[in-house]
Amino acid sequence: MRYYTVLFQGEEKVAASTDGKNLYILEEVKDMNALIASGGIREIPKGAPNAGAAGPVQILSPIPRPLQDVLCLGINYTAHAEEASRFSEESFGGERPYPIFFSKRVCYSQGPDAPIPAYTGLVDSLDYECELGVIIGKDAKNVKRENVTDYIFGYTIVNDVSARNLQTRHKQWYFGKSLDGFTPMGPCIVSADEFSFPPKRKIACRVNGDIRQDSSTANLITGIADIITMLSEGMTLKAGTVIATGTPAGVGMGMTPPVFLKPGDVVECEIDGIGVLRNVVEG
């Protein structure tokens, strides 16, 4: 099943689809967080309105208002570790025997075709990071590795937009990745049963049509099972928690010389089987 949050007749509604084309409104569901907590649905309810029957549907982020900060993995693809270290050895270099965890504040997550703010004057090095997002389906604490799949609701695409000058200036990543509008997500959540585990999906990012990132989620250094078991040893992962699993090589800071986003740039993050998250940097 594929789950969406859409603007339908002037209101935010949750929709479901079996094919990614026909979206049916789940009228009894308050929002995506409520749907996740309920475990989702097995089939489209009879009589559910077809969201596209009255015309084009505006697709929003599947979780416009996450209940908690997004949890993130830093430097979780080998080639990205190398390019990040070239950009700033002080900030990204050194040995990493354990995964890097950080969080990203999200007041509101925008969806496909919504703008990415440029913050001209504050940010001089705006960057993109295409990532596989894992959605936790029920409260998770002390999860055993063999039971991890029981706690995964589904998968989405996250663009971990980053202000590199703020990220390196403050010697930590929270501020540089948490500005309003820095967490586009979508276009949907694909239920976990649609993919084999762990998902090995092609992941790519294009800027103005040029391929920048081109890899596979099979190349994660710390895999999803290890991420969830490790985090849940010391904290409760609430239902609806979003985990951004890291980005592959090809970000702007990794180019020689670095090439950062500018107003008007079109960023397309794509993961096979989920879709395309397209956003434009606002001018």
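From the alpha carbon gyration tensor of the chain, can you work out the equivalent ellipsoid semi-axes (sqrt of 5 times each eigenvalue) and give them in Å, largest to smallest?
In descending order the semi-axes read 30, 23, 16 Å.
Beyond a 23 Å Cα-Cα separation, which of these cross-linked pairs lie in this structure: Lys21/Lys104; Lys144/Lys238; Lys30/Lys238?
Lys21/Lys104, as the Cα separations exceed 23 Å there.
What FRET efficiency comes out for the pair Thr236/Thr78, r = Cβ-Cβ distance, R0 = 25 Å, nearest 0.05?
Efficiency for this residue pair is about 0.20.
I need the shape label for the range 87-193. Rule: rounded when a/c is under 1.5, else prolate if a/b > b/c, else oblate, with a, b, c from the alpha carbon gyration tensor.
Oblate shape, in that a/c is at least 1.5 and b/c is the bigger or equal ratio.
Quick check: residue separation of Phe175 and Leu67 times 0.36 nm, minus the Cα distance between them. What number comes out in nm?
Gain on stretching Phe175 to Leu67: 37.0 nm.
Are there cysteines in the chain with no other Cys C-beta under 4.7 Å, and if so, which?
Lacking a cysteine Cβ partner under 4.7 Å: Cys72, Cys107, Cys188.
Could you calculate the contour length gain from Lys262 to Glu12, that is, 0.36 nm times the residue separation minus the distance between their Cα atoms, to one decimal place in nm?
Between Lys262 and Glu12, full extension yields 87.0 nm more.
Relative to the present Cα-Cα distance, how much length would full extension add between Val280 and Glu27 at 0.36 nm per residue of separation?
88.0 nm
Quickly rank 27-38, 61-72, 113-124, 175-186 as a protection proxy: mean count of other C-beta atoms within 10 Å, highest first.
Values: 27-38: 17.2, 61-72: 21.2, 113-124: 15.6, 175-186: 22.8.
Highest-to-lowest ranking by the protection proxy: 175-186, 61-72, 27-38, 113-124.
Rg/Rh for the range 139-249 to two decimals, with Rh computed the Kirkwood way over all alpha-carbon pairs. It would help to have the intermediate numbers written out before the result.
Numbers: Rg = 15.4 Å, Rh = 15.7 Å.
That ratio equals 0.98.
Taking the highest mean first, how do the peptides 229-237, 211-219 order by number of other beta carbon atoms within 10 angstrom per residue? Display every interim value, and only then the final one.
Working: 229-237: 15.2, 211-219: 17.7.
Packing order, densest peptide first, comes out as 211-219, 229-237.
Considering only protein heavy atoms, with the full assembly of protein chains and a 1.4 angstrom probe, order Glu194, Glu268, Glu12 by accessible area, largest first. Walk me through the numbers on the way to the answer.
Numbers: Glu194 105, Glu268 40, Glu12 75 Å².
The ranking, largest first, comes out as Glu194, Glu12, Glu268.
Write down the accessible area per residue of the chain in Å², having rolled a 1.4 Å probe over the full set of protein chains.
45 Å²
Quickly work out the Asp272-to-Asn50 label distance, labels modelled 7 Å from Cα along the C-beta direction, and quote it in nm with one decimal.
3.1 nm
How big is the range 118-159 in terms of Cα radius of gyration and Dmax, in angstroms?
16.5, 48
For the chain, give the percent of accessible area contributed by carbon and sulfur heavy atoms, probe 1.4 Å, rounded to a whole number.
48 percent
In terms of the Cα gyration tensor, with a ≥ b ≥ c the square roots of its eigenvalues, is the range 208-283 rounded because a/c is under 1.5, prolate because a/b exceeds b/c, or oblate?
Prolate, because a/c is 1.5 or more and a/b exceeds b/c.
Round to the nearest 10 and give me the degree value, 0 to 90, for the angle of helix 78-87's Cα axis relative to the longest principal axis of the chain.
It is inclined by approximately 50 degrees.
Starting from a Cα-only point model with no solvent, please compute log10 I(q)/I(0) by Debye for the range 238-282 at q = 0.21, 0.26, 0.33 1/Å.
The Cα Debye sum returns log10 ratios of -0.96, -1.11, -1.13.
Name the long-range amide H neighbours of Ser125: under 5 Å, sequence gap of 5 or more, or other chain; modelled H, no Pro or chain starts.
For Ser125, the qualifying residues are Arg164, Asn165.
Please get the size of the charge dipole for the chain, origin at its Cα centre, with Cβ charges of +1 on Lys and Arg and -1 on Asp and Glu, quoted in debye to the nearest 20.
300 debye
The values are calculated or read from the model by the stated rules, or taken from the named source; none is laboratory data. All of these numbers come straight from a predicted model, not from anything done at the bench. No Cβ is skipped: glycine too gets one built from the backbone with ideal geometry, and neighbour counts run over all protein chains shown. Each accessible area value is taken on the protein alone, full model and side chains, heavy atoms only, with ligands, DNA and RNA left out. Shrake-Rupley method; radii C 1.70, N 1.55, O 1.52, S 1.80 Å.
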